[in-house]
Amino acid sequence: PQPSKFPVCLPFSSASSCLLCSFRINQPVGGIHRERWAPGDANIFVPLSPFQIQVIEDDKAKSTEPFTTGVRGQAPPLVTTNFQVKDQGNASPRFIRCTAYNMPCTADMAKQSQVPLAAVIKPLATLPPDETPPYLVDHGESGPIRCNRCKAYMCPYMQFIEGGRRFQCGFCSCVTEVPPHYFQHLDHTGKRVDCYDRPELSLGSYEFLATVDYCKNNKLPQPPAFIFLIDVSYNAIKSGMVSIVCQELKTLLDYLPRENPEMDSVVRVGFVTYNKVLHFYNVKASLAQPQMLVVSDVSDMFVPLLDGFLVNVNESRLVIESLLDQIPEMFADTRETETVFAPVIQAGLEALKAADCAGKLFVFHTSLPIAEAPGKLKNREDKKLIGTDKEKSLFQPQVGFYNNLAKECVAQGCCVDLFLFPNQYVDLATLGVVPVSTGGSVYKYTYFQAQSDQERFLNDLRRDVQKLVGFDAVMRVRTSTGIRATDFFGSFFMSNTTDVELAGLDCDKAITVEFKHDDKLSEETGALMQCAVLYTSCSGQRRLRVHNMAVNCCSQLADLYRNCETDTIINFFSKYAFRGVLNSPTKAVRDTLVNQCAQILACYRKNCASPSSAGQLILPECMKLLPVYLNCVLKSDVLLPGADVSLDDRAYLRQLISCMDVAETHVFFYPRLLPLVSSHTHSLPVAVRDSEERLSKGGVYLMETGLHLFLWVGASAQQELLLNIFGTQSFSQIDPNVTSLPVLDNPFSKRLREIIDSFRAQRSRYMKLMVVKQEDRAELIFRHFLVEDKSASGGASYVDFLCHMHKEIRQLLS
């Protein structure tokens with residue numbers, strides 16, 4: 001039978017048939033104890049998940065050739081597989097991944113299967129060095145060629161007719177005249193003879209140079225600006241944050257984003273410090289010393305200077321360095337503990353308005369803003385509300401002020417990145433509103449200590465300042481007749497139902513889009529989507545980035561279930577659920593997820609699986625891992641928090657997941673656990689399942705969660721391993737407080753450090769390393785990520801959840 005239909009009753013290792021029912025198998029498989037079942041359920045067979053690792057390894061083994069995007073409806077390799085992409089007319093999976101590459105033809109069929117129809121789009125994703133970035137196309141003064149009716153941009157799905165003088169739109173079928181300057185003859189197959197010379201006719205992704213018609217107020221944009229706003233209250237000074245930021249900025253300003261590495265960045269910079277009042281700095285190149293201007297009336301924020309606030313780094317270098325040296329000294333003896341927050345963002349916004357440009361605010365903040373000012377907050381952390389109907393209010397912003405402020409920021413193209421250093425509750429659900437609505441990021445360093453957290457903070461800051469980012473962006477997703485984009489998840493603002501507005505859009509941000517039927521689709525033509533993002537590049541150029549995607553359509557459920565991607569489905573479900581907690585109790589959100597998943601699998605069982613014993617749980621080949629991954633979402637801190645998880649932590653994770661891509665949600669919900677063996681000095685060791693029973697006392701394991709790295713050391717780990725990694729043979733001499741491994745001169749140490757560096761390079765946030773000794777206190781934190789086991793907060797183990805799921809499916813079928 002198919003691996004996903006293995007009926008297994010009892011754990012056994014080498015027997016060739018089951019000890020309970022004599023079912024014969026060809027290979028050893030882990031199974032489930034019979035006593036886990038309810039009375040009368042003795043003959044239920046449930047496959048257990050060696051599959052999780054197996055599925056990933058099998059996909060790596062079969063993905064040896066480059067993935068070419070020319071075939072419609074072809075599912076790409078998994079996000080866990082390293083592969084090269086060749087764009088042949090559909091967007092690379094690095095830009096777009098779909099939940100289903102074979103969409104149901106009708107709304108009824110989609111409703112019956114309950115499989116969500118969605119795409120995760122990462123418009124400015126960074127490509128590996130061996131793949132070509134999207135080409136820039138210039139269609140001249142009249143701008144990009146578009147369909148007259150639906151305004152879709154020229155792409156490989158446009159059909160040229162009448163000898164090339166007109167084209168028929170693949171999205172709405174409208175016929176449009178080809179402008180004379182764009183005319184080209186057709187070959188014998190009806191293709192233009194210049195098809196392969198033009199990216200927009202042969203590739204899935206490309207960029208157009210936008211004309212002045214695509215610019216705000218019909219004038220070309222100014223280059224963007226970066227403004228650094230630094231909290232200088234008592235906590236910020238005492239923790240060392242202020243001096244670390246000022247010291248780092250002196251070198252970091254040489255690495256502002258630029259498109260041509262040979263050229264200087266055109267991004268201008270400005271500086272503000274604040275506690276209860278705001279201090280602006282004039283750093284004009286002609287000054288001998290920086291000048292401070294104080295604004296103490298925070299209720300009516302204005303920028304007290306125009307000339308000398310936003311400057312070119314190279315011209316004002318000496319004045320800027322002098323300022324960054326002086327700031328920590330100026331506030332060294334401060335006793336001011338209170339801070340404001342909203343006026344700080346207003347100050348940056350007003351400065352960008354005055355300079356008539358878009359830009360980014362980098363806010364370094366420490367505490368709940370309780371000082372008298374607009375946007376003032378109170379402490380509302382109340383653990384008694386957790387698990388009640390009122391819990392949802394804790395995820396909602398405390399005051400409406402920040403929503404209006406966010407709207408103003410988006411209108412100006414002002415993106416906000418927030419670096420938080422809290423020692424107690426700061427109401428992240430409210431402080432995060434502006435960053436999340438403007439396409440910004442939130443970074444959080446709870447109980448920040450310079451010695452142990454500096455490395456993580458500085459790496460995050462460096463990457464955040466240097467990464468390529470677009471400003472003042474608008475994204476629109478067009479689809480062919482039959483489906484339309486109905487819902488969007490991510491860090492953005494929407495003032496209507498179609499335009500996703502992003503004050504800033506960087507290479508790490510993904511937007512998840514859900515589609516619904518509004519008519520029938522045809523198997524012959526398939527379904528098309530085009531994502532177009534209009535943005536200002538970091539060099540100040542207005543551009544359009546276009547990604548096109550064609551998928552198949554089917555009238556048979558079996559074809560739908562054959563072409564789904566579980567990782568993308570989980571990305572959608574997690575975002576859907578994490579948004580759901582704003583309006584519903586967490587238990588209701590969890591129940592909805594379980595129910596939809598059960599319906600997906602029950603529909604498959606009823607309509608696609610071959611008849612078999614009612615006791616058997618049968619999973620579609622491409623959804624074998626849906627239950628194990630769904631259980632991880634259900635047990636996450638947002639939906640089922642442990643007693644030690646703060647409200648701010650949950651709000652932080654909720655906001656963080658909303659803009660993750662598929663690779664990031666994959667490792668976040670199901671961390672990667674690698675056994676470290678001395679012989680693995682070349683290849684990456686094969687991962688093991690996230691379960692305590694996989695940990696051997698004599699071993700050392702590396703775990704990656706996307707936000708953390710753990711090195712778990714067994715109490716009787718081999719001396720040779722310890723010597724190679726830590727330089728000591730004794731378990732007791734290992735210091736659990738180290739955050740980096742010693743540089744030792746042996747192949748194993750070198751290889752392990754390379755693995756850690758490569759993991760960090762793959763993620764958008766720097767992962768701090770934590771050494772966990774078996775039976776140490778820190779093991780509780782580590783165990784939290786062993787997601788196949790029962791969790792401390794009451795989350796089911798994988799085996800128990802599988803049984804629960806099986807019961808739900810049987811109920812639906814009966």
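The values are calculated or read from the model by the stated rules, or taken from the named source; none is laboratory data. Because the structure is a prediction, the values reported are computed rather than measured. Note: ideal-geometry Cβ built from the backbone for every residue, glycine included; neighbour counts use all protein chains shown. For accessibility, only protein heavy atoms count, side chains too; no ligands or nucleic acids. Shrake-Rupley method; radii C 1.70, N 1.55, O 1.52, S 1.80 Å.
Overview of results
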read-out: The one condition in (1) surrounded by 15 or more Cβ atoms within 10 Å (Cβ to Cβ); (2) without any contact (Cβ under 8 Å) to a residue 40 or more places away in the chain; (3) under 30 Å from Leu468 (Cβ atoms) that Ile755 fails to fulfil; value: (2)
read-out: Residue list for region 424-433, filter: part of a loop (DSSP other than H, G, I, E, B) and either outside the structural domain of Lys360 (by the TED database) or among the hydroxyl-bearing types (Ser, Thr, Tyr) (or both); value: Tyr425
read-out: From the options Leu601, Leu544, residue that is more than 23 Å from Pro224 (Cα to Cα) and open to solvent by less than 10 Å² (accessible area, probe 1.4 Å); value: Leu601
read-out: Some residue of region 137-144 being among the small types (Gly, Ala, Ser), open to solvent by less than 10 Å² (accessible area, probe 1.4 Å), more than 17 Å from Met623 (Cα to Cα) and not in a helix (DSSP H, G or I); value: yes
read-out: First in region 585-611 and part of a loop (DSSP other than H, G, I, E, B), second anywhere and not hydrophobic (A, V, I, L, M, F, W, C), Cβ under 6 Å, 6 or more apart; value: Pro585/Asp389; Cys608/Tyr561
read-out: Residues within region 333-357 that are of a type in the set (Ser, Thr, Tyr) and open to solvent by 20 Å² or more (accessible area, probe 1.4 Å), tallied; value: 2
read-out: Filtered residues of region 232-243 (kept if part of a helix (DSSP H, G or I), open to solvent by 10 Å² or more (accessible area, probe 1.4 Å), in contact (Cβ under 8 Å) with a residue 40 or more places away in the chain and of a type outside the set (Ser, Thr, Tyr)); value: Asn235, Ile237
read-out: Enumeration of residues in region 434-479 that are outside any strand (DSSP E or B), surrounded by 21 or more Cβ atoms within 10 Å (Cβ to Cβ) and touching a helix residue (DSSP H, G or I) at 6+ places or on another chain (Cβ under 9 Å); value: Val434, Pro435, Val436, Ser437, Thr438, Gly439, Gly440, Ser441, Phe448, Phe457, Leu461, Val465
read-out: Search result, residues across region 301-351 that are of a type in the set (Asp, Glu), closer than 22 Å to Pro257 by Cβ and assigned to a loop (DSSP other than H, G, I, E, B); value: Glu315
read-out: Subset of region 416-454 (residues that are of a type in the set (Gly, Ala, Ser) and over 17 Å from Leu361 (Cβ atoms)); value: Ala429, Ala450, Ser452
read-out: Filter result for Ser286 (assigned by the TED database to the domain that holds Tyr445 and touching a Lys or Arg at 6+ places or on another chain (Cβ under 7 Å)); value: no
read-out: Residue within region 272-286 that is of a type in the set (Gly, Ala, Ser) and modelled with pLDDT of 95 or more present; value: yes
read-out: Output for region 148-172, where each listed residue is in a loop (DSSP other than H, G, I, E, B) and either in contact with a helix residue (DSSP H, G or I) (Cβ under 9 Å, 6 or more places away or on another chain) or open to solvent by 70 Å² or more (accessible area, probe 1.4 Å) (or both); value: Asn148, Arg149, Lys151, Met154, Cys155, Pro156, Met158, Arg165
read-out: Qualifying residue in region 378-387 (condition: without any contact (Cβ under 8 Å) to a residue 24 or more places away in the chain, among the aliphatic types (A, V, I, L, M) and on the phi < 0 side of the Ramachandran plot); value: yes
read-out: Unique residue being modelled with pLDDT of 95 or more and surrounded by fewer than 20 Cβ atoms within 10 Å (Cβ to Cβ) when the list is Ala485, Ala588; value: Ala588
read-out: Residues of region 244-273 satisfying the condition of being among the polar types (S, T, N, Q) and buried (at least 19 other Cβ atoms within 10 Å of the Cβ); value: Ser265, Thr273
read-out: Answer from Val645, Val628 - the residue that is open to solvent by less than 40 Å² (accessible area, probe 1.4 Å), in a loop (DSSP other than H, G, I, E, B) and not assigned by the TED database to the domain that holds Leu780; value: Val645
read-out: Number of the exception - Glu131 against (1) assigned to a loop (DSSP other than H, G, I, E, B); (2) in contact (Cβ under 8 Å) with a residue 60 or more places away in the chain; value: (2)
read-out: Residues of region 147-181 that turn out to be over 39 Å from the mean Cα position of the chain (by Cα) and hydroxyl-bearing (Ser, Thr, Tyr), as a count; value: 0
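Condition check ((1) open to solvent by less than 50 Å² (accessible area, probe 1.4 Å); (2) outside the structural domain of Leu676 (by the TED database); (3) at pLDDT 95 or above) across all residues:
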{"residue": "Val688", "(1), (2), (3)": "yes, no, no"}
{"residue": "Tyr701", "(1), (2), (3)": "yes, no, yes"}
{"residue": "Thr705", "(1), (2), (3)": "yes, no, yes"}
{"residue": "His708", "(1), (2), (3)": "no, no, yes"}
{"residue": "Val713", "(1), (2), (3)": "yes, no, yes"}
{"residue": "Gln719", "(1), (2), (3)": "no, no, no"}
{"residue": "Gln729", "(1), (2), (3)": "no, no, no"}
{"residue": "Ser732", "(1), (2), (3)": "no, no, no"}
{"residue": "Asn737", "(1), (2), (3)": "no, no, no"}
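So that you can scan it fast, the table gives a plain yes or no per residue for (1) buried (at least 19 other Cβ atoms within 10 Å of the Cβ); (2) within 23 Å of Gln811 (Cβ to Cβ):
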| residue | (1), (2) |
| --- | --- |
| Leu528 | yes, no |
| Cys531 | yes, no |
| Gly540 | no, no |
| Cys554 | yes, no |
| Arg562 | no, no |
| Asn571 | yes, no |
| Phe578 | yes, no |
| Gln596 | no, yes |
